[in-house]
Amino acid sequence: MKAKLTSNQARKLLISSPRGRPYPRTLGGTRPELPHRAFRRPGFRPRRESRVRPLNEYVLTLSCPDRPGIVAAVSGLLAERGCNILESQQFGDAGSGTFFMRVQFAALDDTDPDELRGAFASLVPELGLQWRLHALADRPRVLIMVSKGGHCLNDLLYRTRSGLLDIDVVAVASNHPDLRPLTQSYGIDYHHLPAGSGGKAAQEAEILTLVEHYRADLVVLARYMQILSDDFCAKLPGAIINIHHSFLPSFKGARPYHQAHARGVKLIGATAHYVTADLDEGPIIEQEVARVDHTHSPEELVAVGRDVECLALARAVRWHCEHRILLNGDRTVVFR
């Protein structure tokens, strides 16, 4: 015979369960306090389906002058320490004479990451390496910037919740309040940063405060319709990704799809790129296209354009956070 719970027992069980507890939120530690309130729906705990990241897997990215023996030196160093290479990609650029490499490997459980870093550093004098070692146990922390258009934001949040993007979206910030309900529905902090009396400088200072507070590794401009200052871009080199609503450098400015309609284009596209001081001229990461024809109205082009923007931006964010992108001057090497 099954025992029945009294109403008080059921209430206590509900309160003590994980679903009954409010979502914890603290501003402790050494992070700076925020000058404004972050908005999150009380009691909401977002559902995550991201895979568990292995504690002993790493990604090594490097570039150096091309010469024989680079792959052998790197693989030999890993083999000496009992590391197992899971994925390895390399590319030699004949134009610049530069060699690029990405290696994902599993280390022994007792491997000291600092010892690994010291070993790779020992190759620098001989090979002239520029290298970085990334622990895959550290999920990238992403701050998303938006204005009024929510399609790219919603796509990134959905992909993150469903596990298609293995990142932590730590907060969303905007110069408008419009996307607060969408952001709150995912249980994520929302910061409204209007350009007040302090102007752009004060607004960008608040953004940098958010980056520091949330320890963000990447800032994603998901249709953020404000031009960032040269000083701001210089403070986050290689850590800001933007989605541009056309093939660069065509159709800049407002209403790009209406411009495309007026020109009778047969392809429309979107470009995801790193942000630099030169407006929409940063290194291109990914471009996506869709074929259209004379039957498409301007409104239909907008709808198609939103889809390609979401695809291009999601790929760029994923490749960046999987450490698959290396800079090659004004270009990128993307190990897909």
Does ILE207 count as under 14 Å from the mean Cα position of the chain (by Cα) and assigned by the TED database to the domain that holds ASN242? no
Condition (residue is surrounded by fewer than 17 Cβ atoms within 10 Å (Cβ to Cβ) and in contact with a Lys or Arg (Cβ under 9 Å, 6 or more places away or on another chain)) applied to region 262-274: is it met by at least one residue? yes
Selection from region 215-225 of residues closer than 19 Å to PRO237 by Cβ, buried (at least 20 other Cβ atoms within 10 Å of the Cβ) and not hydrophobic (A, V, I, L, M, F, W, C) yields TYR224
Could you give me the residue pairs with C-beta distances under 6 Å whose first residue belongs to region 97-110 and is under 16 Å from LEU55 (Cα atoms) and outside the structural domain of ILE325 (by the TED database), whose second residue is surrounded by 20 or more Cβ atoms within 10 Å (Cβ to Cβ) and hydrophobic (A, V, I, L, M, F, W, C) wherever it lies, and which are 6+ apart or on separate chains? PHE105/LEU78; PHE105/CYS83; ALA107/CYS83
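From the residues in region 59-74 that are out of contact with any helix residue (DSSP H, G or I) (no Cβ under 9 Å at 6 or more places or on another chain) and surrounded by 12 or more Cβ atoms within 10 Å (Cβ to Cβ), which one is farthest from THR332 (Cα to Cα)?
In this case the residue turns out to be VAL71.
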LEU165 vs. criteria at pLDDT 95 or above and in contact with a Ser or Thr (Cβ under 9 Å, 6 or more places away or on another chain): yes
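Okay, residues lined up against (1) in a helix (DSSP H, G or I); (2) modelled with pLDDT of 95 or more; (3) of a type in the set (A, V, I, L, M); (4) closer than 28 Å to ALA173 by Cβ:
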site	(1), (2), (3), (4)
PRO68	no, yes, no, no
GLY76	yes, yes, no, no
GLY95	no, no, no, no
PHE99	no, yes, no, no
ASP110	no, no, no, no
ARG117	yes, yes, no, no
ARG132	no, yes, no, yes
LEU156	yes, yes, yes, yes
Condition check: among the basic types (Lys, Arg), over 20 Å from the mean Cα position of the chain (by Cα) and surrounded by fewer than 17 Cβ atoms within 10 Å (Cβ to Cβ). Does ARG132 satisfy that? no
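The values are calculated or read from the model by the stated rules, or taken from the named source; none is laboratory data. These numbers were taken from a predicted model, which means no experiment stands behind them. Cβ: placed from backbone, ideal geometry, glycine included. Neighbour counts: every protein chain shown.
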